[in-house]
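Input: a single structure, listed below in structure tokens.
The values are calculated or read from the model by the stated rules, or taken from the named source; none is laboratory data. Predicted, not measured: the structure shown is a model, and the values here were computed from it. Cβ placement follows ideal geometry from the backbone for every residue including glycine, while neighbour counts extend to all protein chains displayed. Only protein heavy atoms, including side chains, enter the accessible area calculation; ligands, DNA and RNA are left aside. Shrake-Rupley method; radii C 1.70, N 1.55, O 1.52, S 1.80 Å.
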Amino acid sequence: GKGNYRHFMEKELHEHPAVIGDTLRQYIDPATRAVARPALPFDPATLPRLWLSGCGSAFLVCNTARYWFETLARLPTDCDVASELRYRDPPLTEGGAAMFVSQSGETADNLAAMKMLRGGGQSLVSVVNVPESTMSRESDATLMTVAGPEISVASTKAFTAQLSVMACLALNFARSRGAIDAAEEARLTAALLEVPEHAAKLLDASAEIEAVAAEIRDARDVLFLGRGSLFPIAMEGALKLKEISYIHAEGYAAGEMKHGPIALIDAAVPVISLCPSGPLFEKTASNLQEAAARGGRIIAFTDEEGAPALRRFASRVVVVPKVDPFVAPILHAIPVQLLAYHVAVLKGTDVDQPRNLAKAVTVE
Ligand code: F6R
């Protein structure tokens, strides 16, 4: 049941801290604080190339994970939506592997892309939330997200659980490949283990997100901007807003805005940016300043370190806990999902059962 919550989505949003914690505990040895090596059909140390695929939000998890596998593990990684990958006929590297991410484990496009890659000699791993699902049966190995049943059609807690699994794998692969030293690994693992605590704090302070929701509820279009590993999270914010509030939204790479979408900007188009402090902060902040100079209404999600610079031109700055840039995408997923939820509630849509959508998409 929903307990004291109005919708399953609200209940599931509040389960973020618990499911991130449960998923991390599944992969991180509590005694050594090292990421345990999961049973895999390949050796990460010698893997030539990794494919990542899924659909919708799960694809955005793959997109985020690609930054981690590339930067931390120095592993060549490709990423595409399953509905395209299945028809791409890409050249496949001998000994390569693919990982498919899915909440339901039943998504037809994933199963078709898996079949194509299997035919090309790739080993297959699925990251799923439903044990004994079809994808799990069709894979050489299955890694579980520990999110529990997700009822709301819009994915929330499964998303952060998937990110948690991928972050653990990236650390494990980084060690196997000799791409990270012990001190850095310990620092990043510690940052990961602190995410549930920060997530809980964010959920306690959701009044500010409700204020942002009230501000954008009547918008016809919303732009979400992010850079680096926050770019897929910007796309997640846009996807969720489209799905449950029926507002047209686009997630864009912050630096790409000047190549087109900046033409759309006026006071009627809120620009929501994910801009935590870190090595990419200055670049994103200057993209936002350009949008503000063209009359854009900037709503920025940042941390206390990034806030002062953004307050000079943003109409609203929402401060989230400051974390290592490695885990920032996991944490920033929560406010953008919460925002979509509150906008949908204000608009009175059918939050848990949005029109035209199904929880598991078992047809092409
Ligand atoms: C997003 C959403 C969809 C799913 C997609 C994949 O909120 O619900 O985009 O993420 O249909 O579904 P699974 O993860 O079951 O493969």
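Give just the number: which of (1) closer than 16 Å to P196 by Cα; (2) away from the ligand (no atom under 13 Å from the Cβ) does A333 not satisfy?
If we test A333 against (1) closer than 16 Å to P196 by Cα; (2) away from the ligand (no atom under 13 Å from the Cβ), just (2) comes out false.
Has segment 153-168 got any residue that is under 20 Å from R6 (Cβ atoms), surrounded by fewer than 22 Cβ atoms within 10 Å (Cβ to Cβ), within 16 Å of the ligand (Cβ to nearest atom) and not aromatic (F, W, Y)?
yes
One line per residue, one yes/no per condition, for (1) closer than 30 Å to L241 by Cβ; (2) out of contact with any Gly (no Cβ under 9 Å at 6 or more places or on another chain); (3) within 16 Å of the ligand (Cβ to nearest atom):
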site: V19; (1), (2), (3): yes, no, yes
site: T23; (1), (2), (3): yes, yes, yes
site: Q26; (1), (2), (3): no, yes, no
site: D29; (1), (2), (3): no, yes, no
site: T32; (1), (2), (3): no, yes, no
site: R37; (1), (2), (3): no, yes, no
site: L40; (1), (2), (3): no, yes, no
site: S53; (1), (2), (3): yes, yes, yes
site: G56; (1), (2), (3): yes, yes, yes
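State the number of residues belonging to segment 58-111 that are within 8 Å of the ligand (Cβ to nearest atom) and either at pLDDT below 95 or open to solvent by 50 Å² or more (accessible area, probe 1.4 Å) (or both).
Of the residues in segment 58-111, 1 are within 8 Å of the ligand (Cβ to nearest atom) and either at pLDDT below 95 or open to solvent by 50 Å² or more (accessible area, probe 1.4 Å) (or both).
Within segment 16-25, does at least one residue satisfy the condition of being within 22 Å of the chain's Cα centre (by Cα) and either assigned to a loop (DSSP other than H, G, I, E, B) or at pLDDT below 95 (or both)?
No, segment 16-25 has no match at all.
Given the residues F301, F326, which is the only one that is touching a Pro at 6+ places or on another chain (Cβ under 6 Å), modelled with pLDDT of 95 or more and not in a helix (DSSP H, G or I)?
Residue meeting the stated conditions: F301.
Tell me the residue from A300, A328 that is of a type in the set (A, V, I, L, M), touching a residue at least 40 places away in the same chain (Cβ under 8 Å) and buried (at least 24 other Cβ atoms within 10 Å of the Cβ), please.
Of A300, A328, the one residue that is of a type in the set (A, V, I, L, M), touching a residue at least 40 places away in the same chain (Cβ under 8 Å) and buried (at least 24 other Cβ atoms within 10 Å of the Cβ) is A328.
Among the residues of segment 112-132, what is the count of those that are within 14 Å of the ligand (Cβ to nearest atom), surrounded by 18 or more Cβ atoms within 10 Å (Cβ to Cβ) and either more than 18 Å from Q162 (Cα to Cα) or of a type in the set (K, R) (or both)?
2
Output the residues belonging to segment 260-282 that are modelled with pLDDT of 95 or more and part of a helix (DSSP H, G or I).
The answer is F281, E282.
For (1) of a type in the set (S, T, Y); (2) touching a Leu at 6+ places or on another chain (Cβ under 6 Å); (3) open to solvent by less than 70 Å² (accessible area, probe 1.4 Å), each residue gets a yes or a no:
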residue: D181; (1), (2), (3): no, no, no
residue: R187; (1), (2), (3): no, no, no
residue: A199; (1), (2), (3): no, no, yes
residue: S206; (1), (2), (3): yes, yes, yes
residue: I209; (1), (2), (3): no, yes, yes
residue: I216; (1), (2), (3): no, no, yes
residue: L223; (1), (2), (3): no, no, yes
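Residues in segment 33-41: is at least one at pLDDT below 95 and more than 23 Å from S136 (Cα to Cα)?
yes
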